[in-house]
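The values are calculated or read from the model by the stated rules, or taken from the named source; none is laboratory data. Every value quoted in this text rests on a predicted model; they were computed, and no experiment measured them. Backbone-built Cβ (ideal geometry, glycine too); neighbour counts: all protein chains shown.
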Amino acid sequence: MCKQLNITKTFRVSKITLVRSQKKPSSASADGVSTIPLYRSAPTLEVRLEDFERFAVDRLLVLRGISDGLARGKKPDEMEKLVSDLWKANMRHPNTSEIIDKDIISHFVLRLVYCRTEELRKWFLSMESTLFRYRFRLETSDVHRALMTELGIPYKSVTNAEFEGLKEKLSQVARSIGQQLPTSDTVYYKVPWEEVSELVGSRRVFIKKGYAYVALNQVVSFVIPHFRSHLSKALVLTNRKWTSMIREQEKDRLTPIVEALSTSYLGPDYTQDKEFGEISLKDIDQVARSSFPLCMRHLFDSLREDHHLKHGGRMQLGLFLKGVGLKLDDALAFWKAEFSQKVGAERFDKEYAYGIRHNFGKEGKRTDYTPFSCQKIILSTPGVGDHHGCPYRHFSEENLRAALGKMGVGSRELEQVVEKAKGRHYQLACTLTFEAIHGASCDSGINHPNQYFKASQNILKEKK
Amino acid sequence: MTKEAQNERDDMLVDDPEPQDEQIDDIPDEFNPNYLKVYYGRLFPHADMFKWLSYGNDGKHPACDQSYIGRREFSFTLDNDIYLRFQSFNCASELENGIKDKCPFKIDIGPVYSVDPSKRLAYAQSGDNIFTPVERELVFDIDISDYDDARYCCSGADVCLDCWPLMTIAIKVIDTSLRDDFGFNNILWVYSGRRGVHCWVCDGKARRLNNEQRGAIADYFRVYKGNTNSKSKVSLVGSALHPFLVRSYSDVLRDFFEKKLLCSQQLLSDERYEKILEMIPDESITSELRGKWQDNRRSSSGKDVNVVRWEQLKQLLQSGKQKATGIRRCVEEIVFSFTYPRLDMEVSKHMNHLLKAPFCIHPKTGRVCVPIDPDVCDEFDPTNVPTLSKLLREINTVGLQVEGDKVWERTSMGKSIRYFRGSFLQPLMKSCKEEIEESYSAKVQQSKNSLTW
């Protein structure tokens, strides 16, 4: 990071005007209530080139911290504190009136940085939405109403008569999510359920004939999807502008900064690890025992045992194996050897081989898929008969203990691992497991199954 | 192909629209592609399918979208698993001829795309990704093979009258919620031909849901957490259940569990009760029950042993002594584990999933994918669904007396097609018409408004 900052000093002379717009963003609503910017259009602001990058880096630190918190499975109130702390630590500006400018500028710079691939857009969208969510939660209900109006959300207040008729059901919902029981003073809004699909999906609202009954304190769920879908569309547009004009126009000035900002921060994606090259089929069992993280080890063992894995498992293990260097032909042979024992070689060729070639980008839309990160695995939702997911999160304690024992984790370390898993620090649990097995420390922590694999191989090589 | 045989028999079986299976033995039971030709030629309701998937856009109203049906993807599976994806048809006769011509083993229905899917490659060259799904029925796929840890009579794709009630439960729970909670009206349930049921929600609002909203509905229905390695498949937390779960439990699940599955699956017999005891987190309770049940293998009252044991278990778990809600909730968790619907989530979550069309013939069983009326789904018997060979025999018997199009009325498909038309298609067409007129008058209004500046 520091290096790039120095480089940009040479460009100091120039000033940049961000995308022009007719309207000022409503950083303050009519009655003077200060709200959170919705980033609907970029302001006409002059930005010094060094601020351009510095602001972006500061915001990245916030987003990166959020990403880390999510991966560790932090609870909403822990997240709220985390976001508030990260914001205070990184987004301060000596001049209070410029805080809001910094907020807006850094957001629009990162839009440019993260608009360029599907993967980057997804990450940015998810982190910005989370950031917005927790900032929103910290605001007052006046601000909430102002924002809802600004977003044009069709909400209606629930009348007293209607409330009385539904009181029993509304109380059931409130109790089921551990919230205060509603009284006649409680404010409820009635909205088409599609507006609050997130609350519907987690059964946190009562719905009747297509309408959801949302309590005032759940209002954030109205707002997030709007914020999200707007940002999502905006990112696609930004990408178009980037590829059609900006990249070329700014190739000496902004383009290098933008490109450096994204790659320097996301870390490797482990699509095909060049460093380790190939692993061959004959080594795979031995490598699985020595260097696979528990999630992959479990999938691998289940596959060897059942000669079958459901879709989620095939994806998680298949992409991981691709990442450690299993070539397409070997991958086909590997999966076929197992599946054909269960479904026959012919059915394998017909029904499953496609999926494997697809993972390697040889079928369908020909995307070379990247292996799943810990975050993605932790947030997956395995169902009955599935073996994928993160064992530290999805196994029962008993099964986790058995699995760790099988991996050779000593009893004292085992307790620590289980403790971390219980505390929902799944990646820390995995890191401890790694350290216990390899007898070496892993300071960076485990963020990706392929990183686990790589670190493990490095240690084993040194020992040789 | 069996014309001769048919002629010989005509005089014998004049007024018998549903002949007994044994009477004719020249049509073996297994699936046969030649029979499929006859089926598509004389029984398959091409026109009704077209009417359905046009959603009123095949009419003369100025607001009808004439390109609508032509943007729908059909996918044919031919003999030897040759897939023909991205087929599209612009009118009823094109669809009918396409099906008769290719004689697919399976017809799948995909989404309505932004452009004609058969021309997608031409559009792809323009660079921007215009080829994208824009509409799709909200669909559900429930397979009985996903219930293998909840049934003992069959496993895998097999199904019998002892485990079929699991599907009946799924239909009742999901159907009620789709109507009462989500406010949908035009819902079609279909037997998948072998091991489960499909559901098509066809309201305009449902067809236009985005993937995120589809995912939310799927999640709303989901109670299973954790994978094979977690002990309890269902975990109901919180000091109360959501009203949807309460209603499902008290209106459907509890009764089916206590009155049907408990005994038909022998859930608390000597060999099986341990599995249920494992789901109770309190060891003093499990050992007390185990003690009772080990000593008393036979029930003295003459009542079914499963029923007696279930009463004992409930009494102990729900007695006033048990303060922790976790323990009292256990009874519900057990019932949910053995009865609650298990959806194939991925099918519902994404617009571009294909789903087998109603009235297809399942190539393994030869059974027709007939609609199921949710109001009388208790009466549905998968072992009694007409098979291709049965229908062929019926055609052979009635074929020559009845004029071309009316053959289906005299076969055992008649009831299904009448239901499809009368209870699904008619109300659907009515609401499509209303919707088209509404959108038209809104448009007219808008253009009027924009003129008055």
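Quick notes on this one:
- Among the residues of the range B:51-68, those identified as in contact (Cβ under 8 Å) with a residue 40 or more places away in the chain and either of a type in the set (A, V, I, L, M) or closer than 19 Å to B:GLN426 by Cβ (or both) are B:LYS51, B:TRP52, B:LEU53, B:TYR55, B:GLY56, B:ASN57, B:GLY59, B:HIS61, B:ALA63, B:CYS64.
- Extreme residue, farthest from the chain's Cα centre (by Cα), among residues of the range A:361-370 that are hydroxyl-bearing (Ser, Thr, Tyr) and more than 14 Å from chain B (Cβ to nearest Cβ): A:TYR369
Residues are listed down the side, and each one gets a yes or a no for (1) within 14 Å of chain B (Cβ to nearest Cβ); (2) surrounded by 19 or more Cβ atoms within 10 Å (Cβ to Cβ):
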position	(1), (2)
A:ASP306	yes, no
A:ALA333	no, no
A:SER340	no, no
A:VAL343	yes, no
A:ASP349	yes, no
A:ASN359	no, yes
A:PHE372	no, yes
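Every residue, every condition in (1) within 29 Å of B:VAL223 (Cβ to Cβ); (2) in contact with a Lys or Arg (Cβ under 7 Å, 6 or more places away or on another chain); (3) outside the structural domain of A:LYS122 (by TED's automatic domain parsing), yes or no:
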{"residue": "A:LEU166", "(1), (2), (3)": "yes, no, yes"}
{"residue": "A:ALA174", "(1), (2), (3)": "yes, no, yes"}
{"residue": "A:TYR189", "(1), (2), (3)": "yes, yes, yes"}
{"residue": "A:GLU194", "(1), (2), (3)": "yes, no, yes"}
{"residue": "A:ARG240", "(1), (2), (3)": "no, no, no"}
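- Residue selected from the range B:144-162 under the condition in contact with a strand residue (DSSP E or B) (Cβ under 9 Å, 6 or more places away or on another chain) and surrounded by fewer than 20 Cβ atoms within 10 Å (Cβ to Cβ), by the criterion nearest to the other protein chains (Cβ to nearest Cβ): B:SER145
- Residues of the range A:110-138 satisfying the condition of being under 24 Å from A:LEU45 (Cα atoms), modelled with pLDDT under 90 and among the aliphatic types (A, V, I, L, M): A:LEU112, A:VAL113
- Cβ-Cβ under 7 Å pairs, at least 6 apart or on other chains, the range B:191-216 side over 13 Å from B:LYS356 (Cα atoms), far side basic (Lys, Arg) and at pLDDT below 95: B:ASN211/B:LYS349; B:ARG214/B:LYS349; B:GLY215/B:LYS349
- Residue match in the range B:196-204 (condition: at the interface with chain A (Cβ under 10 Å from one of its Cβ atoms) and at pLDDT 95 or above): yes
- Only residues that are surrounded by 20 or more Cβ atoms within 10 Å (Cβ to Cβ) and at the interface with chain B (Cβ under 7 Å from one of its Cβ atoms) were counted in the range A:389-411, giving 3.
- Pairs with Cβ under 9 Å, 6+ apart, first in the range A:154-174 and more than 8 Å from chain B (Cβ to nearest Cβ) and without any contact (Cβ under 8 Å) to a residue 12 or more places away in the chain, second surrounded by 15 or more Cβ atoms within 10 Å (Cβ to Cβ) and part of a helix (DSSP H, G or I): A:GLU168/B:PRO243
- Here the range A:433-454 is the region considered, the condition is being in a helix (DSSP H, G or I) and more than 23 Å from the chain's Cα centre (by Cα), and the residue that is surrounded by the most Cβ atoms within 10 Å (Cβ to Cβ) is A:THR433.
- Residue selection: B:VAL115 satisfies the criterion of being in a loop (DSSP other than H, G, I, E, B) and out of contact with any Asp or Glu (no Cβ under 7 Å at 6 or more places or on another chain).
- Complete set of residues in the range A:206-226 that are at pLDDT 90 or above and more than 9 Å from chain B (Cβ to nearest Cβ): A:ALA212, A:TYR213, A:VAL214
- Residue list for the range A:92-124, filter: in a loop (DSSP other than H, G, I, E, B) and either free of Cβ contacts under 8 Å to residues at least 12 places away in the same chain or not assigned by TED's automatic domain parsing to the domain that holds A:SER67 (or both): A:ARG92, A:HIS93, A:PRO94, A:ASN95, A:THR117
- Looking at B:ARG247, B:ARG214, B:ARG254, just one residue is at pLDDT 95 or above, surrounded by 21 or more Cβ atoms within 10 Å (Cβ to Cβ) and either closer than 23 Å to B:THR176 by Cβ or not hydroxyl-bearing (Ser, Thr, Tyr) (or both), and that residue is B:ARG214.
- Taking the criterion of being at pLDDT 85 or above and assigned to a loop (DSSP other than H, G, I, E, B), the only residue of the range A:58-91 that qualifies is A:MET91.
- The one condition in (1) at the interface with another protein chain (Cβ under 7 Å from one of its Cβ atoms); (2) within 21 Å of A:ALA71 (Cβ to Cβ); (3) out of contact with any helix residue (DSSP H, G or I) (no Cβ under 6 Å at 6 or more places or on another chain) that A:GLY383 fails to fulfil: (2)
- Selection of strands (runs of 3 or more DSSP E) fully inside the range B:126-208 by the criterion of at least 3 residues being more than 18 Å from B:PHE420 (Cβ to Cβ) returns B:133-135, B:138-143.
- B:ASN186 vs. criteria within 21 Å of A:THR381 (Cβ to Cβ), among the polar types (S, T, N, Q) and outside the structural domain of B:GLN266 (by TED's automatic domain parsing): no
- Test result for B:TYR191, at the interface with chain A (Cβ under 8 Å from one of its Cβ atoms) and of a type in the set (Ser, Thr, Tyr): no
- Being buried (at least 16 other Cβ atoms within 10 Å of the Cβ) and within 14 Å of B:VAL335 (Cβ to Cβ) holds for only one residue in B:LEU277, B:LEU262, B:LEU289, and it is B:LEU262.
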